[in-house]
1. Give Tyr137, Tyr146, Tyr113 a once-over and let me know the one that is surrounded by fewer than 20 Cβ atoms within 10 Å (Cβ to Cβ), under 25 Å from Val192 (Cβ atoms), out of contact with any Phe, Trp or Tyr (no Cβ under 7 Å at 6 or more places or on another chain) and modelled with pLDDT of 95 or more.
2. For the range 50-96, what are the residues that are among the hydrophobic types (A, V, I, L, M, F, W, C) and out of contact with any strand residue (DSSP E or B) (no Cβ under 7 Å at 6 or more places or on another chain)?
3. Considering only the range 169-217, state which residues are surrounded by fewer than 22 Cβ atoms within 10 Å (Cβ to Cβ), among the hydroxyl-bearing types (Ser, Thr, Tyr) and in a loop (DSSP other than H, G, I, E, B).
4. Quick test of your reading of the structure: Lys153 fulfils all but one of (1) among the charged types (D, E, K, R); (2) in contact with an Asp or Glu (Cβ under 9 Å, 6 or more places away or on another chain); (3) under 30 Å from Ser91 (Cα atoms); (4) not in a helix (DSSP H, G or I). Name the failing condition by number.
5. For the range 149-160, how many residues are loosely packed, with under 14 Cβ neighbours inside 10 Å and either at pLDDT 95 or above or touching a Phe, Trp or Tyr at 6+ places or on another chain (Cβ under 6 Å) (or both)?
6. Is it the case that the range 118-130 has a residue that's of a type in the set (Phe, Trp, Tyr), touching a Phe, Trp or Tyr at 6+ places or on another chain (Cβ under 8 Å) and modelled with pLDDT of 95 or more?
7. Restricting the range 33-53 to residues that are in contact with a His (Cβ under 7 Å, 6 or more places away or on another chain) and in a loop (DSSP other than H, G, I, E, B), which is surrounded by the most Cβ atoms within 10 Å (Cβ to Cβ)?
8. Taking the stated definitions as given, is Leu123 in a strand (DSSP E or B) and closer than 24 Å to Leu97 by Cβ?
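The values are calculated or read from the model by the stated rules, or taken from the named source; none is laboratory data. In this text the structure is predicted, and so the values were computed from the model without any measurement. Cβ sites come from the backbone with ideal geometry, for glycine too, and all protein chains shown count toward neighbours.
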Amino acid sequence: MRKLLYILIISLCASSSGWAQGSYKLAVLKYSGGGDYYVNPTALPNLIRFCNQNLATTISKDVPYVEVGSPDLFLYPFVHMTGHGNVVFSSTEAENLRTYLLGGGFLHIDDNYGMDEFIRVELKKVFPNNELVELPYDHEIFHQKYDFNGLPKIHEHDGKRPQAFGIILNGRLVCLYTYETDLSDGWENQEVHNDSNEKRDLALRMGANILMYAFMQ
């Protein structure tokens, strides 16, 4: 499975125009515990459409759900996770996710509001010896196609400042956790949350930066 993932990653970066060449799929992570992993169904398709239109990518518009413990996880170089509530990884699922990330995969977790206390515990199952660290504003992920001074604030929630946390292994960011921003709500169809065009554009641009960084690092 690791070999397959390496082939996927290498194929994205092999051409002269890098990750924009070739057609590939992203996926949404399906997890146990009762949290609504299926929330924001239009989010990732809209982000893909934005990237294909503005970054000349050719990402498939088909966005499947993939279970944490499934071997199919290794078919997707980038997996997005969100929700409002509880998250539970079994030991087998944690091991599968760890192998996926060590093998070159990338996980973006976006707290939709209410996930924070649960996902931090479950990530310790995946990497017990690695802490989530806050990414500084000069981190490359904020300065890809679009320049940001940290994460944009899309929804208020508790009124806290938006924060980007990461798990870094051997110098590589393998997991990005975005907190108090709600990027994926901003990716959704406009009528879902009635976000302004300005807010939605900020969310989509930051999402594009995340994808670019994930595939080019």
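1. Working: Tyr137 fails: under 25 Å from Val192 (Cβ atoms); Tyr113 fails: modelled with pLDDT of 95 or more.
Within the list Tyr137, Tyr146, Tyr113, the selection yields Tyr146.
2. In the first step, residues of the range 50-96 are kept if they are among the hydrophobic types (A, V, I, L, M, F, W, C); the result is 50-51, 55-56, 59, 63, 66, 68, 73-75, 78-79, 81, 87-89, 94.
The answer is Phe50, Leu55, Ala56, Phe74, Leu75, Val87, Phe89, Ala94.
3. Ser196 - this is the single residue of the range 169-217 that is surrounded by fewer than 22 Cβ atoms within 10 Å (Cβ to Cβ), among the hydroxyl-bearing types (Ser, Thr, Tyr) and in a loop (DSSP other than H, G, I, E, B).
4. (3)
5. 1
6. First, the residues of the range 118-130 that are of a type in the set (Phe, Trp, Tyr): 118, 127.
With touching a Phe, Trp or Tyr at 6+ places or on another chain (Cβ under 8 Å) added as a condition, the list becomes none.
No, every residue in the range 118-130 fails to be of a type in the set (Phe, Trp, Tyr), touching a Phe, Trp or Tyr at 6+ places or on another chain (Cβ under 8 Å) and modelled with pLDDT of 95 or more.
7. Quick first cut of the range 33-53, residues in contact with a His (Cβ under 7 Å, 6 or more places away or on another chain) only: 35-36, 39, 44.
Checking which are in a loop (DSSP other than H, G, I, E, B) leaves us with 35-36, 39.
Working: Gly35: 21, Asp36: 14, Val39: 16.
Here the residue is Gly35.
8. no
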